[in-house]
Amino acid sequence: MKIYKYFSIDVIDLVFQKNGYCGVKFSLPKDYNDPYELFLGVDLDVSTESLATYQEIVQELPQFPTTCFSKSPIVAPMWAHYAQNHTGFVLEFDVSALQETFEKIEVRDVDYKAGPNPDLALSLERVAVTKKPRHAVWLRQQVLTEAYFSKYQDWSYEQECRLVDKNQYVEDVAGNDILFIPTECVTAMIVGGKILEDKKATSIELSQINDIDWY
């Protein structure tokens, strides 16, 4: 399986600044461009007792470094928004190679929904009634999964999947969380149709140096 990361051309030298690696920036979900990020976990229109249970068990969701990919390299709005109106580039990554390199990193598709998962409200009610620790553990895991891997359906055009780092593979580089991925995991570079000639030459050179197919 291949996944795709869209980049502004301004960062191409930074992406390939470490020999043999591709640097990908991670962010915390609270800093994403969707103000409702992490709010699809559970429908809070439940009983007062269930709300108290939710607060006690789930509390504030942990913020893990996360980066986003698309399952397609030809999403026009992505080229417009994240690749500087077709002047940037896209890198193609091999998921199997990523998971072999970073065994504990989680790569999953985003599930697009109209609202919170109703099953979580049922799980919450069950925890509130039974008070069993194992039910609480299951609920917290369900909420985390929904929070990190679901978005409102308005964003479905992105065909998004996410890579979540719960084990601190990322490194702090000038205040940014960067994951240095071996270039063996990068299978292709695709440049935009409006890329400037000098940047195009740079992209070709970097692709050749790192043995990456160029399109």
> Of Lys151, Lys199, which residue is in contact (Cβ under 8 Å) with a residue 12 or more places away in the chain, in contact with a Phe, Trp or Tyr (Cβ under 9 Å, 6 or more places away or on another chain) and part of a helix (DSSP H, G or I)?
Replying inline: Lys199
>> Return the residues of the stretch 85-120 that are farther than 19 Å from Lys25 by Cα, open to solvent by less than 80 Å² (accessible area, probe 1.4 Å) and in a helix (DSSP H, G or I); say none if nothing qualifies.
In response: Ser96, Leu120
> Within the set of pairs 6+ apart or on separate chains, which have a first residue in the stretch 66-94 that is in contact (Cβ under 8 Å) with a residue 24 or more places away in the chain and among the charged types (D, E, K, R), a second that is open to solvent by 30 Å² or more (accessible area, probe 1.4 Å) and assigned to a strand (DSSP E or B), and C-beta atoms under 6 Å apart?
Replying inline: Glu92/Lys2; Glu92/Thr187; Asp94/Thr187
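Does Ser123 meet the test of being at pLDDT 80 or above, among the hydroxyl-bearing types (Ser, Thr, Tyr) and either open to solvent by less than 70 Å² (accessible area, probe 1.4 Å) or not in a helix (DSSP H, G or I) (or both)? Write out each step before concluding.
Working: at pLDDT 80 or above: no; among the hydroxyl-bearing types (Ser, Thr, Tyr): yes; either open to solvent by less than 70 Å² (accessible area, probe 1.4 Å) or not in a helix (DSSP H, G or I) (or both): yes.
So Ser123 fails the test.
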> Asp154: open to solvent by 90 Å² or more (accessible area, probe 1.4 Å) and among the charged types (D, E, K, R), yes or no?
Replying inline: yes
> If only one of Tyr148, Tyr157 is over 10 Å from Val110 (Cα atoms) and either among the aromatic types (Phe, Trp, Tyr) or more than 25 Å from the chain's Cα centre (by Cα) (or both), which one is it?
Replying inline: Tyr157
> Does any residue of the stretch 68-82 turn out to be small (Gly, Ala, Ser), under 22 Å from Tyr152 (Cβ atoms), surrounded by 17 or more Cβ atoms within 10 Å (Cβ to Cβ) and at pLDDT 80 or above?
Replying inline: yes
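The values are calculated or read from the model by the stated rules, or taken from the named source; none is laboratory data. Because the structure is a prediction, the values reported are computed rather than measured. Note: ideal-geometry Cβ built from the backbone for every residue, glycine included; neighbour counts use all protein chains shown. We work out accessible area using only protein heavy atoms, side chains counted, and drop any ligands, DNA or RNA first. Shrake-Rupley method; radii C 1.70, N 1.55, O 1.52, S 1.80 Å.
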